[in-house]
Amino acid sequence: MLIGIVGKPNCGKSTFFKAATQADIEIGNYPFVTIQPNHGMGYVKIKDIANDFDKTANPREGYVQGNFRFVPIEILDVAGIVPGAHEGKGMGNQFLDDFNQADALIHVIDVSGSTNEKGEAVNALSYNPSEDIRFLEFELDMWYLRIIKKGWEKFARSLTNKEIHKEITKQLSGLKVTENMVKDSIKDLDENPKKWNDSDLNKLATQLREMSKPIIIAANKIDVPGAKENFERLKKEFPNYTIISCSAESELALKEAEKHDMIDYIPGEKHFEIKGDLTDKQTNALEFIKKNVLVDSTGLQKILNEITLNILDYIAIHPGGANKLEDSKGNVLPDCFLLKNGSTALDFAYRLHTDFGKNFIKAIDVKTKKIIGKEHKLKHLDIIELYV
């Protein structure tokens, strides 16, 4: 799974990435500070299910903090996008190419309206952030449309509606568009592709983009005075989007303070505990975050969880033994895998190893101790023992 972070320059996109991954990257208050793509590991926050057995997990990947387990997901941050990106403006072509394989996108916007369409700093509330949502939709749609139109006239003349879905899928396969997505998108179009007009193709591009690149809106800089009013307006203006308020800068500050043993802080929580000696400046900064941001949370962890567990609809499954949760080295539930909701015990076996899938005999639900078959659909936070 690959989650892409997208946004215009200077909206807090790279701050969001650094706060999510703790990667050592440059952050600057000027356009195009990000030139080369940044890869890092963010984390989905789930219950540490080992607690139900009076144990604590020892993850091979990710980590445990408090009663929570943080499962890694790959995150990609690329150059900011500006209007005209699909025509190559700004870092547009690079942006579009870098995001080919993204399963979903987090669109970071400056909800305070203090960054214009070019990524230049302006007075807070002077720019309408809804324009950022519209322009990204347009740029992505034009990206898909451009690819669809490559060789369109040639194969539209020679193929029927029953055949053309394969050619369109081939054109867009690099963007994770599947044959089923295309079939669903063209079912209401004329049976003769030669009769499809520009409006039909535009609609097709939009539908395929929505299916293959779902978007969540990260309404960043929510701590700026007046931003909350913009946020509430955006939720009403774009009811089809999941829009979550956040302060990436606050999340980064809290994680840096936690890393330097100044505070105890669990990502996604509404509180922290000071445990170190702080300067007046540090104390004031943390008090500002507590008063102005942590009434809810910084929002960043909520966004990562929402896009993974709800929008992409993944569940977390653990391999483990019915009589022993530890591996040969004594590590408790060292592994956790993210699978699509609806995955079966057999799907899980194949995910672990091809031979496990081929030689599947049965499985046991460790929580209930019940035997389950290969077609049994798994649930979030299941622990499964395989017999092969």
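The set of residues from the stretch 329-349 being of a type in the set (A, V, I, L, M, F, W, C) and free of Cβ contacts under 8 Å to residues at least 40 places away in the same chain comprises 337, 339, 346, 348, 349.
Going residue by residue through the stretch 294-306, is there one that turns out to be in contact with a strand residue (DSSP E or B) (Cβ under 7 Å, 6 or more places away or on another chain) and within 30 Å of residue 364 (Cα to Cα)? Yes, that holds for at least one residue.
With respect to residue 182, is the statement that it is farther than 30 Å from residue 219 by Cβ, surrounded by 12 or more Cβ atoms within 10 Å (Cβ to Cβ), under 24 Å from the mean Cα position of the chain (by Cα) and modelled with pLDDT of 90 or more true? Yes: the conditions hold for residue 182.
Picking from residues in the stretch 344-366 that are under 22 Å from residue 50 (Cβ atoms) and either touching an Asp or Glu at 6+ places or on another chain (Cβ under 7 Å) or of a type in the set (Asp, Glu) (or both), the one that is surrounded by the most Cβ atoms within 10 Å (Cβ to Cβ) is 363.
A quick yes/no check of all residues on (1) modelled with pLDDT under 95; (2) on the phi > 0 side of the Ramachandran plot; (3) within 19 Å of the chain's Cα centre (by Cα):
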{"residue": "38", "(1), (2), (3)": "yes, no, yes"}
{"residue": "44", "(1), (2), (3)": "no, no, yes"}
{"residue": "74", "(1), (2), (3)": "no, no, yes"}
{"residue": "92", "(1), (2), (3)": "yes, no, no"}
{"residue": "101", "(1), (2), (3)": "yes, no, yes"}
{"residue": "108", "(1), (2), (3)": "no, no, yes"}
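Just a yes or no: is a residue in the stretch 249-270 of a type in the set (Ser, Thr, Tyr) and either over 23 Å from the mean Cα position of the chain (by Cα) or crowded, with 18+ Cβ neighbours inside 10 Å (or both)? The answer is yes; a qualifying residue exists. Would you say residue 222 is touching a strand residue (DSSP E or B) at 6+ places or on another chain (Cβ under 9 Å) and either within 22 Å of residue 2 (Cβ to Cβ) or part of a helix (DSSP H, G or I) (or both)? No; evaluated as a whole, the condition is false for this residue. Residues in the stretch 162-211 that are in contact with a Lys or Arg (Cβ under 9 Å, 6 or more places away or on another chain) and among the small types (Gly, Ala, Ser): 185, 205. Considering (1) within 24 Å of the chain's Cα centre (by Cα); (2) assigned by TED's automatic domain parsing to the domain that holds residue 197; (3) not small (Gly, Ala, Ser), the lone condition that residue 146 does not fulfil carries the number (1). Note on the stretch 271-285: residues that are closer than 17 Å to residue 221 by Cα and either of a type in the set (S, T, N, Q) or buried (at least 17 other Cβ atoms within 10 Å of the Cβ) (or both) amount to 0.
The values are calculated or read from the model by the stated rules, or taken from the named source; none is laboratory data. For clarity, every value in this text was computed on a predicted model and none was experimentally measured. With ideal geometry, Cβ positions are generated from the backbone for all residues, glycine too; neighbour counts draw on all protein chains shown.
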